[in-house]
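So the structure is just underneath, and the comments pick up after that.
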Amino acid sequence: MYPLEFQDLKDSFKELPGVGDKSAERYVYAINELDKDKVEKMADSLIKFKNNIRTCSVCGCLSSQDLCSVCSSKTRDKSIICVVEDSKSAFAFESTGKYNGLYHVLGGLISPIDEINPEDINILSLISKRITDEVKEVILALNSSVEGDMTSLYIQKKLENKNVKVSRLAYGLPVNADIEYLDPLTIIRAIEDRKYLS
């Protein structure tokens, strides 16, 4: 029934998380209503994104350079590292404008049921390369879930012999809530009221 181009574009949208058949169809109709120059600009943005975005060689956050803007900054507080699951969480913290430390992106959480072990995510570089004499505190800013708790406990154990304080976000945060979806005020309070684990 659909023209082939319509179906191809619809199938492309369905590759995105949370986009089902009806949503994908609405997106195709919306694209059809846009001016051709806007569609070309959108397509160009997608290609530029895929060609230029990489992960920062230090913290693992999405960046268009070898070093992200946080790691290359001269004004960030290098004594604090906030450990997050993914770039989305780091960007959520940045949106508050209240956190001035560094980040470390794990790229996932330990999950034996999904066969994701500590060596499958970016923990080794945190322990072996990022914890220097300059670092005084590591904030574990992981989601309050079984996987988040397991990963936090693992990192806490690995940092026991390092001369660094380990803290965790205050959990007046909703259980199982993803940090990336929290409002800035909730994130700010969670940072300010963080609990020290060691």
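The values are calculated or read from the model by the stated rules, or taken from the named source; none is laboratory data. Values in this document were obtained by computation on a predicted structure and should not be read as measured data. All Cβ positions, glycine included, derive from the backbone under ideal geometry; neighbour counts span all protein chains shown.
So, ALA24, is that one closer than 28 Å to SER64 by Cα and assigned to a helix (DSSP H, G or I) or not?
The answer is no for ALA24.
Residues checked against (1) in contact with a strand residue (DSSP E or B) (Cβ under 9 Å, 6 or more places away or on another chain); (2) modelled with pLDDT under 95; (3) not basic (Lys, Arg):
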site	(1), (2), (3)
ASN52	no, no, yes
CYS61	yes, no, yes
THR75	no, no, yes
SER79	yes, no, yes
GLU94	yes, yes, yes
VAL105	yes, no, yes
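Mind checking which residues of segment 8-21 are surrounded by fewer than 14 Cβ atoms within 10 Å (Cβ to Cβ) and either assigned to a helix (DSSP H, G or I) or over 28 Å from the mean Cα position of the chain (by Cα) (or both)?
ASP8, ASP11, SER12, ASP21
Whether any residue in segment 30-39 is in a loop (DSSP other than H, G, I, E, B) and either touching a strand residue (DSSP E or B) at 6+ places or on another chain (Cβ under 7 Å) or surrounded by 12 or more Cβ atoms within 10 Å (Cβ to Cβ) (or both) is what I want to check.
Checked segment 30-39: at least one residue is in a loop (DSSP other than H, G, I, E, B) and either touching a strand residue (DSSP E or B) at 6+ places or on another chain (Cβ under 7 Å) or surrounded by 12 or more Cβ atoms within 10 Å (Cβ to Cβ) (or both).
Restricting attention to segment 144-163, does a residue exist that is of a type in the set (Phe, Trp, Tyr) and surrounded by fewer than 19 Cβ atoms within 10 Å (Cβ to Cβ)?
yes
Taking interchain pairs and intrachain pairs at least six residues apart, which have beta carbon atoms under 9 angstrom, with the first residue in segment 32-54 and among the β-branched types (Val, Ile, Thr) and the second outside any helix (DSSP H, G or I)?
ILE53/LEU62; ILE53/SER63; ILE53/SER64
I'd like to check something: does segment 107-120 contain any residue that is at pLDDT 90 or above and crowded, with 18+ Cβ neighbours inside 10 Å?
yes
Restricting to segment 63-83, count the residues that are within 19 Å of ILE53 (Cα to Cα) and in contact with a helix residue (DSSP H, G or I) (Cβ under 7 Å, 6 or more places away or on another chain).
Residues flagged as within 19 Å of ILE53 (Cα to Cα) and in contact with a helix residue (DSSP H, G or I) (Cβ under 7 Å, 6 or more places away or on another chain) within segment 63-83 amount to 1.
Which one of these does LYS98 not meet: (1) within 22 Å of VAL135 (Cα to Cα); (2) not assigned by TED's automatic domain parsing to the domain that holds VAL164?
So the condition that LYS98 fails would be (2).
Return yes or no: is SER87 closer than 28 Å to TYR196 by Cα, surrounded by 12 or more Cβ atoms within 10 Å (Cβ to Cβ), polar (S, T, N, Q) and at pLDDT 95 or above?
Against the criterion (closer than 28 Å to TYR196 by Cα, surrounded by 12 or more Cβ atoms within 10 Å (Cβ to Cβ), polar (S, T, N, Q) and at pLDDT 95 or above), SER87 qualifies.
Quick test for you: out of SER128, SER111, pick the one residue that is farther than 28 Å from ILE188 by Cβ and within 18 Å of the chain's Cα centre (by Cα).
SER111
So which of ARG168, ARG194 is surrounded by 14 or more Cβ atoms within 10 Å (Cβ to Cβ) and at pLDDT below 80?
None of the other options fit; the residue is ARG194.
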